[in-house]
Every structure is written in C-alpha cells, then in structure tokens.
Amino acid sequence: MAENIYTKRYSERAMDEVRPMIAKVGVVPSADGSAIFETGKTKAIAVVRGPRTLHPQHMQNAQTGILRVNYGMMPFSVEDRIRPGPNRRSEEISKVTEWALSSVVDLSGFPNTVVDVFIQIPQADAGTRVAGINAAAMALAHAGIPMKEMVSAIGVGKIDKSLVVDLDKYEDSLFHDGEGSTDIPVVVTSRTKEIALLQLDGKISIPEFKETIEMAKKSCEKILEVQMNALKEVGKNE
Ligand code: ADP
C-alpha cells in the first residue's frame, strides 16, 4: 500500500484540532435572535425572526410552527466573486440546515407560524454549512425559541490517509488527483448525542468512518462549550 503523504497538517494543527473559534450572541440588536460563529477564517452570521404568522395561509400548519432557513454566501466571501442570489448549493445547504435544526426546535406551541433563520457567510474558508449551523443554533436559543437541546456542528474527513477535523479550503482541495480529500459535515445534539445531520462527500472505509464520527463528537463538545459561553455572555453585546 502506498505511503500516507499527509501525516502533518500544513497549518501545524493537530489532526483532531478545530481552528480557533469565536462566538458571539446578540450581534444584530433589531433581530429576535442573532449570533456569529467563526472557525479560523470562516465566518457565519445567523439572524432569527419570528415566530410570525405564516403567509400564504395554505402553507400554515395548525399543529405547529415551522422553521425556514435561508443560507447564502456573500459575493466577496471567497477570492473569486460569487454571483449574488440563490443557487443549487445554497438551496441544498438551506434545506439540510433546516432539517438539522428542526430536529431540536419545538414549535408546537406556535401553530400557524414560521420562524425564519437567515444565515450569511461574509468570509468562507470551507466548513461554512457547519459554521452556519453553529451560529443558527445560538441565534435560535437567543431568540428564546423552545429547543429540546442545542446542536453543534463540525466538518471531519480524510486527507490522503489521515483522518482530520475542520478542513479548511486548502485542505479541502488537496489530492484531488489521488484518493482525494473526504469531507463529512456532522451535527451532534448536546444532551442525547444524536446525529442530527451527516453528509458524505468522498470515499472512506467503515472503520475510518466510525473513527471520524468519534472525532466529530469530541470536537462538538468543544464547540458546545464555546456556544454556551457566548450565550451566557449575551446582554454584554446588546
Ligand atoms: P462548506 O462551506 O460547508 O464546506 P462546500 O463543501 O460546498 O461547503 O464548499 C467548500 C468551500 O468551497 C466553501 O466553504 C468555500 O470556501 C468554497 N466555495 C464554495 N462555493 C464557492 C464558489 N462558488 N466559489 C468559490 N469558492 C467556493
């Protein structure tokens, strides 16, 4: 078998090390809830509005409120300008984020309403969907939306033969001629430690997959601590 050529990360990070994180809650005073989550150069802002009566009326659910997520990257969030407005990728990320967050949000006390979550990425260096989910979970808690538990999210994966957490854009693009890098966004719930979302882009063996999930769960513990500390600091940003 060929030798592993990615035994040391170019950034000097340990294989299981998350990039430096920053989290703040209450960054948009006019919103019902808001938060910023950063990991390395990746930055996500989430703003929550609602619950409000959902229009058009035929979309209402008399049993529960619904969550609606809108994810978008800002035009200059990457080196090449991105065309503004929705595209297939942003629609997919909005949907999977909505699924992940809906598993912990309890809107049964708000029938016929919608809670809108807007996620914007002003600066992207990979892992934007997971950064967005971390920010959105904090913003929902800040808005006082009932939640069964929190969620934390991390990208884990494989670069050549090494298992790593929190790939940045450079790592995400490595070895596309060989085995390539594998990217697995994972969302973990805070109390029951259930997986609220898991996507897989690339190839990985079953034992390696199990190991990356364990790495994701450990990273999510650290992320949860950062999120909870930010929520405790709330009033200070308002
Ligand atoms: P994620 O941001 O969750 O890792 P992707 O795997 O789809 O999602 O994208 C990986 C990274 O590629 C992004 O974080 C961003 O840095 C970069 N990227 C995504 N879309 C574009 C684009 N249209 N132009 C340039 N870079 C992009």
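The values are calculated or read from the model by the stated rules, or taken from the named source; none is laboratory data. Just so it is clear, the structure is predicted and the values come from calculations on it, not from any experiment. Don't worry about glycine lacking a Cβ; one is built from the backbone with ideal geometry, like all the others, and counts go over all protein chains shown. These accessible areas exclude ligands, DNA and RNA; they are computed on the full protein's heavy atoms, side chains included. Shrake-Rupley method; radii C 1.70, N 1.55, O 1.52, S 1.80 Å.
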Of the listed pairs Lys148/Lys169; Lys158/Lys232; Lys41/Lys222; Lys8/Lys95; Lys43/Lys217; Lys41/Lys217, which have alpha-carbon separations greater than 27 Å here?
-> Lys148/Lys169; Lys158/Lys232; Lys8/Lys95
Peptides 212-222, 145-155, 55-65, 8-18: what's the order by average Cβ count within 10 Å, highest mean first?
-> 145-155, 212-222, 8-18, 55-65
Would you work out which of Val114, Ser90, Met138 lies farthest towards the positive end of the dipole of the stretch 83-149? Charges go on Cβ: Lys and Arg +1, Asp and Glu -1.
-> Ser90
FRET efficiency for Met74 and Ile195, Cβ-Cβ distance as r, R0 = 35 Å, nearest 0.05?
-> 0.75
Modelled label-to-label distance, Asn61 and Asn229, 7 Å Cα→beta-carbon offset: nm?
-> 3.6
Charge dipole (the chain, unit charges on Cβ, about Cα centre) - positive-most of Ser162, His55, Val18 = His55
Taking the chain and counting helices only, DSSP H stretches of n ≥ 4 at -39,500 (n - 2.57) each over all residues, the nearest-500 ellipticity at 222 nm comes to -8500 deg cm²/dmol
What's the carbon and sulfur percent of the stretch 19-232's accessible surface, probe 1.4 angstrom, rounded to a whole number?
-> 53
Can you tell me the dipole magnitude for the stretch 19-232 around its Cα centre, using point charges on the Cβ only (Lys, Arg +1; Asp, Glu -1), in Debye to the nearest 20?
-> 560
Everything considered on the Cα gyration tensor (a ≥ b ≥ c; rounded for a/c under 1.5, else prolate if a/b is larger than b/c, else oblate), the stretch 45-101 must be described as prolate
Non-local residues with an amide H under 5 Å from the amide H of Tyr71, with H modelled 1.01 Å from N and Pro and chain starts lacking one, are Ser94, Ile119
Protection proxy ranking of 80-89, 101-110 - average other beta-carbon atoms within 10 Å, highest first | 101-110, 80-89
Calculated P(r) of the chain - Cα pairs past 33 Å, % | 18
Multiply the residue separation of Ala14 and Arg89 by 0.36 nm, subtract the distance between their alpha-carbon atoms, and state the gained length in nm to one decimal.
-> 24.0 nm
Rounded to 5, percent antiparallel among DSSP beta bridges of the stretch 1-150 | 70
Would you mind getting the accessible area per residue of the chain, heavy atoms of the protein chains only, 1.4 Å probe, in Å²?
-> 51
HN-Hα J in Hz across the stretch 118-135 - Karplus 6.51, -1.76, 1.60, θ = phi - 60°, x for Gly and Pro = 9, 10, 10, 10, x, 8, 10, 9, 6, x, 6, 5, 6, 4, x, 5, 4, 5
